[in-house]
1. State whether the residues of region 256-274 include one that is near the ligand (Cβ under 8 Å from one of its atoms), of a type in the set (S, T, N, Q) and modelled with pLDDT under 95.
2. Which one is surrounded by the fewest Cβ atoms within 10 Å (Cβ to Cβ) among residues in region 226-249 that are in a loop (DSSP other than H, G, I, E, B) and more than 9 Å from the ligand (Cβ to nearest atom)?
3. Counting only residues that are more than 20 Å from the chain's Cα centre (by Cα) and surrounded by 13 or more Cβ atoms within 10 Å (Cβ to Cβ), how many does region 107-119 have?
4. Within region 56-106, how many residues are open to solvent by 30 Å² or more (accessible area, probe 1.4 Å) and within 30 Å of THR214 (Cβ to Cβ)?
5. Could you give every pair whose Cβ atoms fall below 6 Å, whose first residue belongs to region 148-175 and is in contact (Cβ under 8 Å) with a residue 40 or more places away in the chain and closer than 17 Å to SER97 by Cα, and whose second residue is within 11 Å of the ligand (Cβ to nearest atom) and open to solvent by 10 Å² or more (accessible area, probe 1.4 Å), counting only separations of at least 6 or pairs across chains?
6. Considering each residue of region 129-156, count those that are under 24 Å from PRO183 (Cβ atoms) and open to solvent by 30 Å² or more (accessible area, probe 1.4 Å), and give that number.
Amino acid sequence: ARDTTWDVTLVGAVLPAGRAVVLTFQDITAVEEAGQMRRDFIANVSHELRTPLTAVLGFIETLRGPARDDPAARDRFLDIMEKEAGRMHRLVEDLLSLSRVEDQERNRPRALVDLPQVIDGTLDALRPMAEDRGMQIAWTPPAGSIRVAGDASQLAQVVTNLVENAVKYGRRDSTITVALSEPAPETSLRQHGVRLSVTDEGEGIPVHHIARLTERFYRVDTHRSREIGGTGLGLAIVKHIVNRHRGRLRVASELGKGSTFTVILPTQDIETPAEPG
Ligand code: ADP
């Protein structure tokens, strides 16, 4: 019982290595860091919402006043308001996705998902967006099915976010390559999962930015990303989905050439049906 009455300084003085003290400080640091991250996040969200909201409120004022009897101006302002409202809508949708995946991160999905099928369906929906920028999506589905334990709609979201980025940051009239490869039979499945990669022929990402890309609201070029309509949350969502699947995300990029985002999903949990006989 005497141990519990020792205060931190006394513990520090008595224990030769002072380990109890160090542990106490680490704990507080972790809690403070979490608190700081939460405050930063709230500040970021508020800022991201305030910009479009201020614009919409400003245009409502203008429409009530100076632009009241000017149909051309009215149409132009309504277009801008629609764009700004769209931006807020995307942000709220992405925030909801992010919080949903974060909630689920501990519970690993167990259902078997046919990856090529998920990719096929997702790419069909993304082609029009790519074609608008004169881009092709090259994808050759593997002959058989490749199954992983996963959540089909979240894996589709990963493909969507990576391909949308390839479209947004890729070069016009270029090709986006989506590939899926299985580990060679002789390699250990524990180390080498199924690889899903998305390669663009865009501007590439300076190396010092790469480690931070999956942070919420981190952008290489904030102004540009906002112009293009990005929320700054796409890769944070990808990271949490990949974590939930106990996978890994790798980024390789060369300036002026393009980038490859690779998701490696573990396959070791798949039970191969026993051969009869
Ligand atoms: P955003 O909504 O801004 O695109 P993301 O989280 O999806 O947010 O990406 C974060 C940042 O990473 C982007 O703002 C962009 O600067 C950079 N980025 C993402 N994908 C690519 C890519 N394929 N090529 C170049 N830069 C990219």
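The values are calculated or read from the model by the stated rules, or taken from the named source; none is laboratory data. Remember, predicted model here, so these are calculated numbers, not experimental data. Neighbour counts are summed over all protein chains in view; Cβ atoms, including those assigned to glycine, are modelled from backbone coordinates with ideal geometry. Each accessible area value is taken on the protein alone, full model and side chains, heavy atoms only, with ligands, DNA and RNA left out. Shrake-Rupley method; radii C 1.70, N 1.55, O 1.52, S 1.80 Å.
1. Within region 256-274, the subset near the ligand (Cβ under 8 Å from one of its atoms) is 258-259, 261.
Subsequent filtering for residues that are of a type in the set (S, T, N, Q) retains 259.
Narrowing the set further to residues that are modelled with pLDDT under 95 leaves none.
So far as region 256-274 goes, no, none of its residues is near the ligand (Cβ under 8 Å from one of its atoms), of a type in the set (S, T, N, Q) and modelled with pLDDT under 95.
2. In the first step, residues of region 226-249 are kept if they are in a loop (DSSP other than H, G, I, E, B); the result is 229-233, 245-247.
Of the ones still in play, those that are also more than 9 Å from the ligand (Cβ to nearest atom) are 245-247.
Numbers: HIS245: 24, ARG246: 14, GLY247: 22.
Among residues in region 226-249 that are in a loop (DSSP other than H, G, I, E, B) and more than 9 Å from the ligand (Cβ to nearest atom), the one surrounded by the fewest Cβ atoms within 10 Å (Cβ to Cβ) is ARG246.
3. Step one: list which residues in region 107-119 are more than 20 Å from the chain's Cα centre (by Cα), which gives 110-114, 116-117.
Filter once more, keeping what is surrounded by 13 or more Cβ atoms within 10 Å (Cβ to Cβ): 112-114, 116-117.
Number satisfying all stated conditions: 5.
4. 18
5. Short answer, once both residue conditions are applied: ASN161/GLY234; LEU162/PHE261.
6. Taking region 129-156 first, the residues under 24 Å from PRO183 (Cβ atoms) are 138-152, 154-156.
Adding the requirement that they be open to solvent by 30 Å² or more (accessible area, probe 1.4 Å) leaves 138-145, 147, 151-152.
Residues in region 129-156 being under 24 Å from PRO183 (Cβ atoms) and open to solvent by 30 Å² or more (accessible area, probe 1.4 Å): 11 in total.
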